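Let me begin by presenting the structure, written as C-alpha cells, before commenting on it.
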Amino acid sequence: MNTVIRLNEKLYSRLARHAKGFDTPVEVITRMVDFYEEHSVDTPNPVYNEVNLELLETAFRTFFKVTPRPFGQKSSSMKGFSDDAKGVQWNVGIDVNTKSVTLGVNLEGMAYKGWPISLFLLNELASAELVNNFGHIEDVVVHLTRDAWQMAARPPINERDILQCRVTDLSNKKWRESVKEALSCLDAERDYKGRMTQQVTLTSSGKVAEKEVSPHLGLKVQMHFDEFTNEGVLQSFQNAHDKLKALYEFVAMRSK
C-alpha cells in the first residue's frame, strides 16, 4: 500500500537539490534513509532480538568479576547493569525498543569522594584532552546528559540531552560548549561540588518545574554478537572493552 506525503515548496526544493539525474522524490528519500540507518549510533543488529538480561548479567559478572547492580526504571527504555563503583563505572545496557546493546564508561553527577564529575569537567574545560587524545577512536559515542532529581528518582525531562555524538565527530569548540553546559548543572558557589537547581520540563506532563540537576557522562560502544551464547557474549565484551579501556583510564585519571 502506498502512502501520500504532501511536502511544502521549501522542503520539496531542498529535496530536489539532492536528486541525481532522473531520481524521483522516492529514490532521494530512500537514499537518505539508507544513509541515516548506516550511520546512526542507534542502528540495531538483528541478532539483538535474542538478547536477554539474564545472559548479559551473567557475562558482565564473569568478565568484570563484580556483583552487577541493575539499573533502569520501569518507564526507562534502557536497562542493564553496572559495577556500582563509587566514581567511574563500567556498565552494559540494552535499549528495550531497538534491542541494541552497549558497553559503557559511566560517570554520574554524584558526590562520591570529591565530586569526580566536577573535577573531570573542570579539567576538560581547561584543556580538551578527550578530543585531542581520543578523537581518532572509531565507534565510540560520547553522551553528556542532565539528570533531574526527585528524591532518589530521576524523572525524564525534555532538557536531558546536552551532547550525543561520535568522538570522531566531536570538535574542540563543541566539546567545550557542552562541558560548560554540563558544569552549569553544578553549583558554582560551592566550587561545582553540588547539584544546581534549574527549571526543567517534565516529559510525562509537559509541566515546567524547579528540580535539582546534575551532569552525567557516558562513553559507549555498541556491542555486536556473532552468536548469542555465553562464549559469544564474553567475546563481545572483550571486543568492546578493548575499545573503551584507554578511555576508562582517562576518565578515572581526569576525575581525581
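So how strong a dipole does the chain carry about its Cα centre when Lys and Arg Cβ are +1 and Asp and Glu Cβ are -1, to the nearest 20 debye?
My answer is approximately 760 debye.
What's the carbon and sulfur percent of the chain's accessible surface, probe 1.4 angstrom, rounded to a whole number?
After summing per-atom areas, the C and S share lands at 51 percent.
May I ask you to derive the relative contact order of the chain, considering only C-alpha pairs under 8 Å and at least 6 residues apart, and to give it as an integer percent?
Computed over the chain, the figure is 19 percent.
Which of the lysines could a cross-linker span from Lys10 if the Cα-Cα distance has to be under 26 Å and same-chain partners fewer than 8 positions apart are dropped?
Lys20
Using every pair of alpha-carbon atoms in the stretch 107-256, split the distances into 10 Å bins beginning at 0 and state the percent of pairs per bin, rounded to integers.
Going out from 0 Å in 10 Å bins, the stretch 107-256 shows 11, 36, 31, 18, 3, 0 percent.
Given Cβ point charges of +1 (Lys, Arg) and -1 (Asp, Glu) and nothing else, what value in debye, to the nearest 20, does the dipole of the stretch 111-192 about its Cα centre take?
With Lys and Arg at +1 and Asp and Glu at -1, about 80 debye.
What does the helix-only formula give at 222 nm for the chain: each DSSP H stretch with n ≥ 4 adding -39500 (n - 2.57), the total divided by the residues, and the result rounded to the nearest 500 deg cm²/dmol?
-11000 deg cm²/dmol
Rank Gly135, Val221, Leu183 by how far each Cα sits towards the positive end of the charge dipole of the stretch 125-228 (+1 on Lys, Arg Cβ; -1 on Asp, Glu Cβ) and give me just the farthest.
So the residue we want is Leu183.
Would you mind getting the accessible area per residue of the chain, heavy atoms of the protein chains only, 1.4 Å probe, in Å²?
For the chain, the solvent-accessible area averages 58 Å² per residue.
At q = 0.10, 0.13 Å⁻¹, what base-10 log of I(q)/I(0) does the Debye formula yield for the chain when every alpha carbon is treated as an equal point scatterer in vacuo?
-0.59, -0.94
Going down the table (Lys86/Lys220; Lys173/Lys207; Lys79/Lys173; Lys86/Lys173; Lys173/Lys256), which pairs top 28 Å between alpha carbons?
Where the Cα-Cα span goes over 28 Å, the pairs concerned are Lys173/Lys207; Lys79/Lys173; Lys86/Lys173.
The values are calculated or read from the model by the stated rules, or taken from the named source; none is laboratory data. It should be emphasised that the depicted structure is a prediction, and the values quoted were computed from it without experimental measurement. Every residue, glycine as well, gets a Cβ built from its backbone with ideal geometry; the counts of neighbours run over all protein chains shown. Calculation scope for accessible area: heavy atoms of the full protein, side chains included, ligands and nucleic acids excluded. Shrake-Rupley method; radii C 1.70, N 1.55, O 1.52, S 1.80 Å.
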